[in-house]
């Protein structure tokens with residue numbers, strides 16, 4: 001039986017994945033030190049970056065901590081929620097589509 005090789009001309013259109021911002025929101029109870037800890041541990045920010053973002057959260061009620069694919073953004077927000085709950089803080093992390 002002869003080998004038949006069929007060449008398929010398939011054009012694949014690859015798209016960049018949709019990206020999502022992870023935001024931390026200000027509240028009256030979560031300590032600034034804890035927010036800096038979350039930013040360095042979960043979002044891998046330097047101390048200087050973490051302090052700058054923490055101040056932005058404090059002054060503007062929220063700040064972007066990073067931009068990730070949906071799954072990673074969701075995981076980071078969940079990690080913040082778990083860490084805050086363990087430490088009895090109401091720190092809120094949300095995700096929204098990056099435009």
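The values are calculated or read from the model by the stated rules, or taken from the named source; none is laboratory data. All values derive from a computational prediction rather than experimental measurement. All Cβ positions, even for glycine, are placed from backbone atoms using ideal geometry, and neighbour counts span all protein chains on display.
Of note:
- Total residues in the stretch 18-43 satisfying the condition of being surrounded by fewer than 16 Cβ atoms within 10 Å (Cβ to Cβ) and assigned to a helix (DSSP H, G or I): the figure is 5.
- For the stretch 83-99, the set of residues classified as at pLDDT 95 or above and surrounded by 11 or more Cβ atoms within 10 Å (Cβ to Cβ) consists of 83, 84, 85, 87, 89, 90, 91, 92, 93, 94, 95, 96, listed by residue number.
- Residue in the stretch 44-60 that is touching a strand residue (DSSP E or B) at 6+ places or on another chain (Cβ under 7 Å) and not in a helix (DSSP H, G or I) present: no
- The set of residues in the stretch 61-93 that are closer than 17 Å to residue 29 by Cβ, touching a strand residue (DSSP E or B) at 6+ places or on another chain (Cβ under 7 Å) and not in a helix (DSSP H, G or I) comprises 61, 62, 91, 92, 93.
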